[in-house]
Amino acid sequence: MKTSITGLTILLSALFNTCTAQSSHLHYLITGTYTSGKSEGIYVFEFNSQDGSYKEISHVQSSNPSFVAVSPDERFVYAVNESGDKQKGGQVSSFSFNKKTGTLTPVNSQSSGGNGTCYLQVDKTGKWVVVGNYGSGTLAVLPIDGSGKLGAPVTTIQHEGTGGNKRQATPHVHCTLLSKDNKWLLVPDLGIDKVMIYGFDSKNGKLNPAPQPFFKAVGGAGPRHITFHPNNKFAYLIEEISGYVDAFQYSNGKLSAIQRIASVQANDTGFIGSADIHVSADGKFLYASNRGGFNTIAIFAINEKDGTLSLVGHQPSLGKIPRNFSIDPTGDYLLAANQESDDIVIFKRDKTTGLLSDTGNRIDVGKPVCLKWIGK
């Protein structure tokens, strides 16, 4: 009897481990879009990291949910409703997410505290959403209750200033990134060539100027998105107008510039439009997307001792206007959201070299512009 019980235990353990291994390769891909074309809102796909395959699970209607964010407990998804209407203004919408069915259900919508809403992040407590408004040059902090419902902004900040480019006649907040310790907020503003830095109080949602209130970029650079290295010692900024990447030493809300390197090739001409930037989870490589006539993903190796970058190469995005991209949770794939060719191109990622290769797989979806992950 002992032998059969032991055998059954081993069998059940093997089955459990097999199921766990299989499920760890399945993820939900939450896709924000522009709805001016064939898209209707936010799309949910199941992505299989074993072979790079996918299938559509569901979608929910929403107006221009061009950027999405997931709550820390993965129970809710928040989306901007990007509008350039100064009278109506932008909005932020909340959705509950059902992991069993892969479906989103609307909770409520709230004013974003400005217009041209383009970015948002949920803080580590899950009680606040910080949102950036490109059109009005404002940022706001909105409270979240236990049901995922958004409240009216408790803090709104209006940026002031101009830059040296014709696109920089007014402020244009383009990113609101919270530090990993949830104490600092970094806000690249394309219009004023600055990364503004604020202290964040998660108890009341208040923002205050940091001891280093901003980093001043090169005139006409157009700071767009910023990201942290996994070791939290470095940060990297993509400049939309210039097509450069800034590398920083980072500590406790302070940025110290260590390098500025081109994200586009020297022989490229025309509108650059660099857009998104991410570091691989292993901290070895940085990727940056370039739109305009370029349509590439720049690949950099990271010196993990000093944070400096060296160019590895450029991978064509195989579509038009790679506005955003994302590395899947296993690190084996990079997915490029090509806004104007209505597809997400799935690349296999070489973890040793950082290079990308086309899998041939394409996700057909109208004007994809933001990709986020939820475990299944």
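Here Phe294 passes the criteria (1) surrounded by 18 or more Cβ atoms within 10 Å (Cβ to Cβ); (2) closer than 30 Å to Val80 by Cα; (3) out of contact with any helix residue (DSSP H, G or I) (no Cβ under 8 Å at 6 or more places or on another chain); (4) at pLDDT 95 or above except the one numbered (4). Residues to consider are Phe271, Phe294; find the one that is under 20 Å from Glu340 (Cα atoms) and free of Cβ contacts under 8 Å to residues at least 24 places away in the same chain. Every option except Phe271 fails the conditions. Would segment 349-368 turn up any residue that is of a type in the set (A, V, I, L, M, F, W, C), under 27 Å from Lys99 (Cβ atoms) and at pLDDT 95 or above? Within segment 349-368, one or more residues are of a type in the set (A, V, I, L, M, F, W, C), under 27 Å from Lys99 (Cβ atoms) and at pLDDT 95 or above. Taking the conditions (1) on the phi > 0 side of the Ramachandran plot; (2) over 19 Å from the mean Cα position of the chain (by Cα) in turn, Thr101 satisfies each one other than (1). Please indicate, with yes or no, whether at least one residue in segment 66-86 is assigned to a helix (DSSP H, G or I), modelled with pLDDT under 95, more than 21 Å from the chain's Cα centre (by Cα) and at negative phi. Checked against the condition, which is being assigned to a helix (DSSP H, G or I), modelled with pLDDT under 95, more than 21 Å from the chain's Cα centre (by Cα) and at negative phi, segment 66-86 yields no hits at all.
Residues checked against (1) under 12 Å from Gly375 (Cα atoms); (2) modelled with pLDDT of 90 or more; (3) assigned to a loop (DSSP other than H, G, I, E, B); (4) in contact with a Ser or Thr (Cβ under 7 Å, 6 or more places away or on another chain):
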{"position": "Phe16", "(1), (2), (3), (4)": "no, no, no, no"}
{"position": "Thr31", "(1), (2), (3), (4)": "no, yes, no, no"}
{"position": "Ser36", "(1), (2), (3), (4)": "no, yes, yes, no"}
{"position": "Phe45", "(1), (2), (3), (4)": "yes, yes, no, yes"}
{"position": "Asp51", "(1), (2), (3), (4)": "no, yes, yes, no"}
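Restricted to segment 87-120, and to residues that are without any contact (Cβ under 8 Å) to a residue 12 or more places away in the chain and part of a loop (DSSP other than H, G, I, E, B), which residue is farthest from Ala275 (Cα to Cα)? Here the answer is Lys100.
Counting only strands (runs of 3 or more DSSP E) that sit wholly inside segment 263-376, those with at least 3 residues that are over 15 Å from the mean Cα position of the chain (by Cα) and either closer than 24 Å to Tyr28 by Cα or aromatic (Phe, Trp, Tyr) (or both) are 343-349, 356-364.
One line per residue, one yes/no per condition, for (1) small (Gly, Ala, Ser); (2) surrounded by fewer than 22 Cβ atoms within 10 Å (Cβ to Cβ); (3) under 20 Å from Tyr28 (Cα atoms):
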site	(1), (2), (3)
Tyr78	no, no, yes
Lys88	no, yes, no
Asn108	no, yes, no
Gly116	yes, no, no
Gln121	no, yes, yes
Thr125	no, yes, no
Val130	no, no, no
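In segment 129-137, is there at least one residue being touching a helix residue (DSSP H, G or I) at 6+ places or on another chain (Cβ under 6 Å) and either in a loop (DSSP other than H, G, I, E, B) or more than 18 Å from Ser66 (Cβ to Cβ) (or both)? No - not one qualifying residue is present in segment 129-137.
A Cβ distance below 7 Å, combined with a sequence gap of six or more or placement on separate chains, defines the contacts here; from segment 170-198, residues that are of a type in the set (Gly, Ala, Ser) reach residues that are not in a loop (DSSP other than H, G, I, E, B) in the pairs Gly191/Gln168.
The values are calculated or read from the model by the stated rules, or taken from the named source; none is laboratory data. As the structure is a computational prediction, the values presented were derived from the model and not from experiment. Cβ: placed from backbone, ideal geometry, glycine included. Neighbour counts: every protein chain shown.
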